[in-house]
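Okay, structure first, notes after.
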Amino acid sequence: MSNFLTAVKERRTFYGLSKEVVVSNDRIQEIVNEAVKYSPTSFNSQSARVVVLFGEQSDKLWNITKETLRKIVPADSFAATEERINSFGAGSGTVLFFEDQTVVEQLQAQFAAYADNFPIWSNQSSGMLQFVVWTALEQEGLGASLQHYNPLINDEVAQTWNLPSEWKLIAQMPFGKPTFVPGDKEFQPLESRVKFFQ
């Protein structure tokens with residue numbers, strides 16, 4: 001199996017994270033820059049925007065998320081929510097994935113026949129970027145997971161880090177040193193999921 005497919009196979013969701021440093025911030029910046037530069041986008045739109053939060057900046061994000069959820073989750077069931085958010089905040093950083101809606105809207109205007117598809121293609125491009133970053137971080141010995149507390153936290157995130165309003169938050173990826181190994185993953189039979197015609 002190729003190194004690439006091995007990396008794909010080994011990528012997992014890690015919920016148990018710690019702040020112990022196993023990879024330098026410089027290396028993480030290098031990984032994210034390479035992923036953003038080389039991940040494919042429809043019409044070469046390059047619409048992805050990424051913010052990486054380290055240390056206290058990441059803690060701030062998960063505190064924002066926790067306090068936002070505190071306002072809408074019933075008090076008698078908030079403990080489980082708080083525990084989950086704290087597990088994300090236990091990591092050493094978080095990658096925020098955005099899509100620049102200005103780029104999407106420009107493509108919609110330029111190629112009107114495909115206008116309805118550009119938001120879909122934008123999300124697909126973002127998903128590919130998320131996967132590349134996730135897999136690359138794991139290859140460096142980090143664990144990560146993919147979270148979606150948008151749009152609940154969108155406005156406060158944009159305000160806190162002074163981000164353009166055109167940047168639409170798509171996903172949040174907390175990362176850090178894994179504190180436990182995930183269990184075996186179950187798979188549906190490939191025969192019911194894939195067809196080949198020769």
(message) Using a Förster radius of 25 Å, what is the FRET efficiency between residue 194 and residue 116 based on their Cβ-Cβ separation? Nearest 0.05, please.
(response) 0.35
(request) Return one whole number: the accessible area per residue of region 79-198 in Å², for a 1.4 Å probe. (result) 58 Å²
(request) Considering only 42, 125, 92, give the residue with the highest GNM mean-square fluctuation for the chain, with springs between Cα atoms whenever their separation is below 10 Å. (result) 42
(request) Determine the gain in length on full extension of the stretch residue 156-residue 37; use 0.36 nm per residue of separation and subtract their C-alpha separation, reporting nm with one decimal. (result) 40.1 nm
(request) At 7 Å along the Cα-to-beta-carbon direction for both residue 24 and residue 77, put a label point, then send me their distance in nm to one decimal. (result) 4.7 nm
(message) Counting just the Cα atoms, what span does the chain cover along each of its three principal axes? Round to the nearest Å and put the largest first.
(response) 49, 43, 38
(request) For the chain, please report how many Lys pairs fall under 23 Å Cα to Cα, leaving out neighbours fewer than 8 apart on the same chain. (result) 15
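The values are calculated or read from the model by the stated rules, or taken from the named source; none is laboratory data. Given the structure is predicted, the values throughout are model-derived calculations rather than measurements. Here Cβ is always computed from backbone atoms with ideal geometry, including for glycine, and neighbour counts include all displayed protein chains. Ligands, DNA and RNA are excluded from the accessible area calculation, which covers all protein heavy atoms including side chains. Shrake-Rupley method; radii C 1.70, N 1.55, O 1.52, S 1.80 Å.
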